[in-house]
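Visitor: Structure provided below as structure tokens; questions to follow.
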Amino acid sequence: MRFKFAPSKEMQSAMGWCFKNGIKQYVVPRKNEFWIVLDHKGNKRNSPKAYAKIDEAHQKIWEIYLYFYQKHKG
């Protein structure tokens with residue numbers, strides 16, 4: 001049976017904090033890969049890495065939200 005990623009409560013709080021602070025992310029498929037786009041108040045940046053599976057990209061998005069939350073939360 002395959003492990004299914006589930007975001008933690010802190011990751012969910014981090015996502016809410018990021019949305020309130022103009023940080024959002026989404027997955028863009030290109031060919032057989034998935035890229036993450038980080039949008040900070042309209043300034044968009046592509047991830048430096050492509051992901052082979054969409055589940056991997058979604059998990060990374062949660063990790064990035066948590067990173068910004070922990071780094072910038074007062």
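Condition check ((1) surrounded by fewer than 16 Cβ atoms within 10 Å (Cβ to Cβ); (2) under 20 Å from Phe68 (Cα atoms)) across all residues:
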position: Ser8; (1), (2): yes, yes
position: Gly16; (1), (2): yes, yes
position: Gly22; (1), (2): yes, yes
position: Pro29; (1), (2): yes, no
position: Ile36; (1), (2): no, yes
position: Tyr51; (1), (2): no, no
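Visitor: Please pick out the residue among Lys60, Lys44 that is of a type in the set (Lys, Arg) and either in contact (Cβ under 8 Å) with a residue 12 or more places away in the chain or part of a loop (DSSP other than H, G, I, E, B) (or both).
Guide: Lys60
Visitor: Anything in the range 38-49 that is surrounded by fewer than 13 Cβ atoms within 10 Å (Cβ to Cβ) and polar (S, T, N, Q)? List them, or say none.
Guide: Of everything in the range 38-49, those that are surrounded by fewer than 13 Cβ atoms within 10 Å (Cβ to Cβ) and polar (S, T, N, Q) turn out to be Asn43, Asn46.
Visitor: Tyr65: of a type in the set (Ser, Thr, Tyr), surrounded by 11 or more Cβ atoms within 10 Å (Cβ to Cβ), within 10 Å of the chain's Cα centre (by Cα) and within 16 Å of Ser13 (Cα to Cα), yes or no?
Guide: Answer is yes for this residue.
Residue by residue, here is whether (1) under 16 Å from His72 (Cβ atoms); (2) within 11 Å of the chain's Cα centre (by Cα) holds:
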site	(1), (2)
Lys9	no, no
Gly16	yes, no
Lys20	yes, no
Ile23	yes, yes
Asn32	no, no
Lys49	no, no
Glu56	no, yes
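Visitor: A further question follows. So which residues in the range 37-72 are of a type in the set (D, E, K, R) and on the phi < 0 side of the Ramachandran plot, if there are any at all? Reasoning before the result, please.
Guide: Let us first name the residues in the range 37-72 that are of a type in the set (D, E, K, R), namely 39, 41, 44-45, 49, 53, 55-56, 60, 63, 71.
Asp39, Lys44, Arg45, Lys49, Lys53, Asp55, Glu56, Lys60, Glu63, Lys71, listed by residue number.
Visitor: If you go through the range 11-24 one residue at a time, do you hit one that is assigned to a strand (DSSP E or B) and at pLDDT 95 or above? Can you show your working first?
Guide: We begin by selecting, within the range 11-24, every residue assigned to a strand (DSSP E or B); these are 23-24.
After this cut, where a residue has to be at pLDDT 95 or above as well, the list is 23-24.
Looking for residues that are assigned to a strand (DSSP E or B) and at pLDDT 95 or above, one finds at least one in the range 11-24, hence yes.
The values are calculated or read from the model by the stated rules, or taken from the named source; none is laboratory data. Everything quoted here is computed from the prediction, not taken from an experiment. Using ideal geometry, Cβ is built from the backbone for each residue, glycine included, and neighbour counts are taken over all protein chains shown.
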